[in-house]
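A quick write-up on the structure given underneath.
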Amino acid sequence: MNRIILPENYDYAYSERIKKELKLKYPFLTVHSIGKSACQRDITAYSLGNYKNIVLFAGGFHAQEWLTSLVILRFLERVCESVSLRKKLSGVDISSALMSKGITIIPCVNPDGVEIVLNGPETAGEYAELVKEASQGDLSSWNANARGVDLNHNFDAGWHILREMETEQGITGPSPRRYGGHGPHSESETKSLVKFCERNNINHAFAIHSQGEEIYWAYGKETPENSFTMANIFSVCSGYKLVENDGLASHGGFKDWFIEYFRKSAFTIEMGKGKNPLPVSQLDEIYEKIEEMLVIGAVI
Ligand SMILES: [Zn+2]
């Protein structure tokens, strides 16, 4: 079968092209925008199944981690194939499961950041000068959005504690990484994801990052009891290690906010191993290692 999601650079033109191709091939797929980035790029979401009870997979929070977008789109494509051919995926009858559960995939929460690292600072439009100044011409560690804000430091969960830690490290303004913005949810990308989560009934959520082959499942005392059990199942499926954040190590992330705000389970998956950006040639290998975890994650 001809596949749409192939190992290619995930820039915005590519993401717009495959959006059309996926919709054409799988008309049952709902393709929508949850909002706009700072540079007015669409933050695209793909949904299928029962929209009243969703499992969310979101990737591309960090600019260097755009391979996460391809991995979860590959997952989406495999789910669509299984539904249209009425075949099992990783031993699971996904068509039947989608009667009671829905899947929403947001491949890239930070389309501006990815565009900047793949196609240069000029793609940041009105923020091009800010990007050049904050990066000092070196985009090799750029993880932020076009405004120099690390989106996974921008969520309203322990944000003020995180701000103190950033300040101690000398990060006080737009930066390639680890600057949490002038306040929680200051960024349009963060606001868009928060709004989407508030308006939909999301059973549990996955934030896909790279790298380390690790699963983070806890955030403070609001972590639901069954999160640990679920994380153990994911660990067995994938061979990824379970990691519990210790104390101040994590705040301000999407998973942290989701757990604290909704008191529901959320997981950060650090996919793959190596140095970011992981090479696109690792797409097949990484995907194959975590397909079962993603499938179980969608139906559990
Ligand atoms: Zn990350």
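Throughout, read-outs are computed from the coordinates displayed, never taken from laboratory work. Values in this document were obtained by computation on a predicted structure and should not be read as measured data. A quick note on method: Cβ atoms are made from the backbone with ideal geometry, for glycine too, and the neighbour counts reach across all protein chains shown.
Summary table
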quantity: Residue order, fewest to most surrounding Cβ atoms within 10 angstrom, among 294, 73; calculated: 73, 294
quantity: Two-site label geometry, residue 32 and residue 99: point separation in nm, points 7 Å out along Cα→Cβ; calculated: 2.4
quantity: Anisotropy class of segment 211-267 from Cα gyration tensor, a/c 1.5 cut; calculated: oblate
quantity: Distant alpha-carbon pairs in segment 180-300 (separation over 19 angstrom), percent; calculated: 50
quantity: Ranked 11, 138, criterion: other C-beta atoms within 10 Å, fewest first; calculated: 138, 11
quantity: Lysines with Cα under 17 Å of residue 273, excluding same-chain neighbours fewer than 8 positions away; calculated: 241, 289
quantity: Length added when fully stretched, residue 138-residue 198, from 0.36 nm per residue minus Cα-Cα; calculated: 17.9 nm
quantity: Size of segment 1-141 as Cα extents on the principal axes (Å, biggest first); calculated: 52, 31, 24
quantity: Potential extension, residue 169-residue 284 segment - 0.36 nm per residue separation minus Cα distance; calculated: 37.7 nm
quantity: Förster radius 22 Å - calculated FRET efficiency between residue 9 and residue 273, Cβ distance, rounded to 0.05; calculated: 0.60
quantity: Residue 202 long-range amide H proximity, modeled H, under 5 Å; calculated: 54
quantity: The chain: angle of helix 159-168 to the longest principal axis, Cα-based, in degrees nearest 10; calculated: 50
quantity: Under 5 Å, built H, 5+ apart or other chain: amide partners of residue 209; calculated: 269, 270, 271
quantity: D_trans [Stokes-Einstein, Kirkwood Rh over alpha-carbon pairs] for segment 64-150, 10 °C, 1.306 mPa s, µm² s⁻¹; calculated: 105
quantity: Proxy reagent accessibility, fewest Cβ within 10 Å first, across 293, 271, 165, 99; calculated: 99, 165, 293, 271
quantity: Rounded tilt (10° steps) of 226-238 against the dominant C-alpha axis of the chain; calculated: 80
quantity: Descending principal axes extents, the chain, alpha-carbon based, whole Å; calculated: 53, 42, 36
quantity: Charge dipole (debye, nearest 20) of segment 82-135; +1 at Cβ of Lys and Arg, -1 at Cβ of Asp and Glu; calculated: 780
quantity: Two-site label geometry, residue 236 and residue 40: point separation in nm, points 7 Å out along Cα→Cβ; calculated: 5.2
quantity: Dipole of segment 75-155, positive direction: furthest Cα of 110, 75, 135, with charges on the beta-carbon; calculated: 75
quantity: Percent antiparallel among DSSP beta bridges (both partners in the chain, rounded to 5); calculated: 40
quantity: Listed residue (271, 173, 144) projecting farthest to the positive dipole end of the chain, Cβ model; calculated: 271
quantity: Size of electric dipole in the chain: Cβ of Lys, Arg +1 and of Asp, Glu -1, about Cα centre, debye, nearest 20; calculated: 1160
quantity: Cross-link pairs 20/264; 19/275; 23/101; 101/275 - those with Cα-Cα distance over 31 Å; calculated: 20/264; 101/275
quantity: Only Lys, Arg (+1) and Asp, Glu (-1) charged, at Cβ; segment 3-74 dipole about Cα centre in debye; calculated: 280
